[in-house]
Amino acid sequence: MTSDPILSDETNKIVVLGIDLGTTNSLVAIEDECGGRILGDGLLPSVVAFLEDGTIVVGDAAKALEFELPGRVVHSVKRLIGRSMHELRVEARRLPYSLVEGPSDSVRIRIPAARGAHPSEARDYAPEEISAFVLRACVDRARAELGAALGETPRVVLTVPAYFDEAQRQATKRAAELAGLEVLRLVGEPTAAALAYGVGLDAGASARHVLVYDLGGGTFDVTLLKIQDGIFRVLATHGDTQLGGDDFDRLLLERLLTATGLDRSAAIAPSVLATLRRSAEAVKLRLSDEALGPNEGVTIEVDVAREDATHGAATRGAATSVTITRNDFEAMIQKPLERTLASVRSTLQDGAIAKDDIDAVVLVGGSTRIPRVRAMLTEEFGRPPFTNIDPDRAIALGAARQAAILSGADTETLLLDVVPLSLGIETLGGAFSKLIVRNTTVPCSITEEFSTQVENQSGIEVNIYQGERELVADCRHIGSFQLSGIPPMPAGLPRVAVTFTVDQHGLLRVSARELRSGMTASVEVRPTLGLSEDDVRRMIRESIEKAGEDVVAREALDLRNKATAIIRGTEEALARGGAGLEPEQAYSLKKALARTKRLLDGNDNKALYSAVEELSSYTMQVADDLIGAAVKKALEAPEPQ
Amino acid sequence: MQSRTSVALEEDHFALLGLAPRAAVDSDQLERAYLRKSCETHPDKQGLYSDSDAALTRQAAINEAYRVLRDPWTRFAYLIEQEQPGALQRTKQLDPAFLLEAMEEYETAREARQDPAGRAAMEARTRDELEVMQARVLALLDAALQDSIQDSETKAAAVLQAATLLHQARYAQRRLEALTAQQHR
């Protein structure tokens, strides 16, 4: 089709994607005349792998490399974004990749140098850069289905945990900018989920109160909404950006470490940790999905010996069998679940809504599949929660709905969100003076007047904090700004009006005006953490330079898939007797097969390419026989996950 | 170093929501007005590449108007300042006899911590007290606003009296907070 995109009504529609950038998995969705739908095939694991040859892969392929490439596969980066190294000290110890301190207490993920290379070849990535890789992979999925309609700078609505603070929101937005996206809106995840349920919740003319309980891989949010006449208004929100399924995995991991005696090792090899982490996740999924009695459980074999080369003979031996019952698991997660219930109650209190006035409780996030979570909420509200949308997909579909609202495709719906945490400034003695209290509807604006303390003082430094405590020491420092160029006057005479605005993204803007001189100044808030505008510009430049390499990365992945398929097909055919091959043919074929297999384990993509070419040339020679047929079949079949 | 000032408002909170200034407001009607205005004004409703900064500023004002008017006490304070700027400041000094009584009541509330029955009784009494005060402020303000008082001096006196009641109500509110906060422990 070559119709003019400007003139054609069909293609003139503004395409806006909805992206759920999750801790564990991400999804991209769109809402068009056919309704909302997820683009691409299944969940995209939010995992990025850095191969030794410099190739970067994302998603399932990256997740599959976790055992092979310990320390080079990065997951759960959402738990790091917008946070300081200081805050992450404890968390860092349990990650199978290493964190180092970046400028001003920020976090960098260190990918070690390839084997044989000089250690200085190690590369540090900001969490924003890792998220940008995941976002690019999301967009690739969308582009595969929508093609050119997406445009060069795709427009997106991006979801963030409702309880993400200013720093975490800014960092997420930066990640999208790095990925070459135009962010039309950051929207709270539980709010997005409510939008996805949409009409189902907005039934009838009367207003309805809906509580969304969102327990994802790494974050927990609870949001109370009032829905009437197509308007979704958030009344209150609460949460914990460091609580989710990952924590349950970690509790299970600790249990596996204790059971295998590995907890007594000073350092655990990253490969062992990666294996055990995967086992822990598998146990959790089985405990959630299988109908088990309280004393029934899941038994897994933990093969420590195979992985543990660094610990010598002491831990070598047979696989250890570990059983975890449903009761064990529920006891383990009791404390964190109680914390979520406390958040639910605070939210109702803040929204001044009684428990009995809640019309529906909606569950979102993969961790709400855990039967104990459902039972707990059923007990609390005296009725089972709403679960008729896949909890994994609700957020992406809601983001797509918000995208349709912004692009003008949906004129019936409006979303009114709130500031999750109070914003304020430091006053004398380190006190925290709240300017915008939590749960204020955005956009909102407040103007504060400042003056000088010293004669002819020309500048005032203002520190901005976010939190609910009385002292700034107990709140998060999110940035500071300098009011400069104040005309020389006696102390206390200048009147500088500073306006703090939280926009519809939940992001802070600051502007200032000197009232006596009428001089206006735009104020740039220097974020305590995260990337500066300069960092972003540099990284975008680098990513453009690297665009070629990214293409190479995708090709490399295709090559590996092709190699795997050819090997499988050839082996299957040989197993069936080789279909009367000439001895020389069989010899060459087996040799080429062995070479391809060996190279697939390595990182030399060039050699692998030639091996695959060679192998396929042999299989082509016998195109009409079994081998050719088997290889053809294997190449056509989708890669098993 | 800095002071918070109530910013001179360009547009009246009631006018922004398309309502006449009244102390007595039907909360459903107020909510409907707020939602209707939001649908017209909200930056999300302005199309992708419109000048959304103007819409942002206006929606922020509408949100603020609803926040202030929704709660009866902040609504009263707003109306008092609209009618007579500085009235709240001028009435800050309360009658010593009232203050003495208020402090004694607060002490009683703190002591009620140990006695659930006494606490409940005091909470009920405080709520009643606040309701009576609210009704009085409402009557005073609406009389002043609706021009049923023609004489400007009587009108000013009514507003000042409402302002005094507002200050007094703060003590009852604080007592109520102390009483209900204990409940959660």
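The values are calculated or read from the model by the stated rules, or taken from the named source; none is laboratory data. Keep in mind the model is a prediction, meaning the values are calculated, not measured. FYI the Cβ positions are ideal-geometry reconstructions off the backbone, even for glycines, and counts take in every protein chain you see. These accessible areas exclude ligands, DNA and RNA; they are computed on the full protein's heavy atoms, side chains included. Shrake-Rupley method; radii C 1.70, N 1.55, O 1.52, S 1.80 Å.
Before moving on, here are some points about what is shown:
- Any hit, the range A:340-357, residues being outside any helix (DSSP H, G or I), touching a strand residue (DSSP E or B) at 6+ places or on another chain (Cβ under 6 Å) and within 27 Å of A:Thr159 (Cα to Cα): yes
- Some residue of the range A:82-96 being in contact with a helix residue (DSSP H, G or I) (Cβ under 6 Å, 6 or more places away or on another chain), modelled with pLDDT of 90 or more, on the phi > 0 side of the Ramachandran plot and open to solvent by less than 60 Å² (accessible area, probe 1.4 Å): yes
- Listed by first and then second residue, the pairs linking a residue in the range B:85-103 that is surrounded by 13 or more Cβ atoms within 10 Å (Cβ to Cβ) to a residue that is among the acidic types (Asp, Glu) and assigned to a helix (DSSP H, G or I), with Cβ atoms under 8 Å apart and 6 or more places separating them unless they lie on different chains, are B:Ala87/B:Glu81; B:Leu88/B:Glu81.
- Qualifying position, being at negative phi and at pLDDT 95 or above, among A:Val344, A:Val362: A:Val344
- Selection from the range A:436-450 of residues that are within 29 Å of A:Arg516 (Cα to Cα), open to solvent by 20 Å² or more (accessible area, probe 1.4 Å) and either touching a residue at least 60 places away in the same chain (Cβ under 8 Å) or of a type in the set (Gly, Ala, Ser) (or both): A:Ser445, A:Glu449
- For the range A:486-576, the strands (runs of 3 or more DSSP E) that sit wholly inside it and include 1 or more residues that are away from chain B (no Cβ under 14 Å) and at pLDDT below 80 are A:520-522.
- Residues that are in a loop (DSSP other than H, G, I, E, B), in contact with a Ser or Thr (Cβ under 9 Å, 6 or more places away or on another chain) and modelled with pLDDT under 85, drawn from the range A:458-474: A:Ser458, A:Gly459
- Residue ranges of strands (runs of 3 or more DSSP E) in the range A:27-144 with at least 2 members within 30 Å of A:Arg401 (Cα to Cα): A:35-45, A:56-58
- Filter pass, B:Gln150 being outside any helix (DSSP H, G or I) and open to solvent by 40 Å² or more (accessible area, probe 1.4 Å): yes
- Filtered by the rule that a residue be within 14 Å of chain A (Cβ to nearest Cβ), open to solvent by less than 40 Å² (accessible area, probe 1.4 Å) and either touching a Lys or Arg at 6+ places or on another chain (Cβ under 6 Å) or outside any helix (DSSP H, G or I) (or both), the range B:49-84 gives B:Ile62, B:Leu69.
- Single residue of B:Ala87, B:Ala102 found to be within 22 Å of B:Arg175 (Cα to Cα), more than 14 Å from chain A (Cβ to nearest Cβ) and among the small types (Gly, Ala, Ser): B:Ala102
- One residue stands out among those in the range A:409-448 that are in contact with a Gly (Cβ under 7 Å, 6 or more places away or on another chain) and not in a loop (DSSP other than H, G, I, E, B): the one that is nearest to the other protein chains (Cβ to nearest Cβ), which is A:Leu414.
- Here A:Ala207 meets each of (1) within 18 Å of A:Ala342 (Cβ to Cβ); (2) at pLDDT below 85 with one exception, condition (1).
- Test: A:Ile464 is within 14 Å of chain B (Cβ to nearest Cβ) and under 43 Å from the mean Cα position of the chain (by Cα): yes
- Hits in the range A:475-484 (condition: open to solvent by 50 Å² or more (accessible area, probe 1.4 Å) and either part of a loop (DSSP other than H, G, I, E, B) or modelled with pLDDT under 85 (or both)): A:Gln482, A:Ser484
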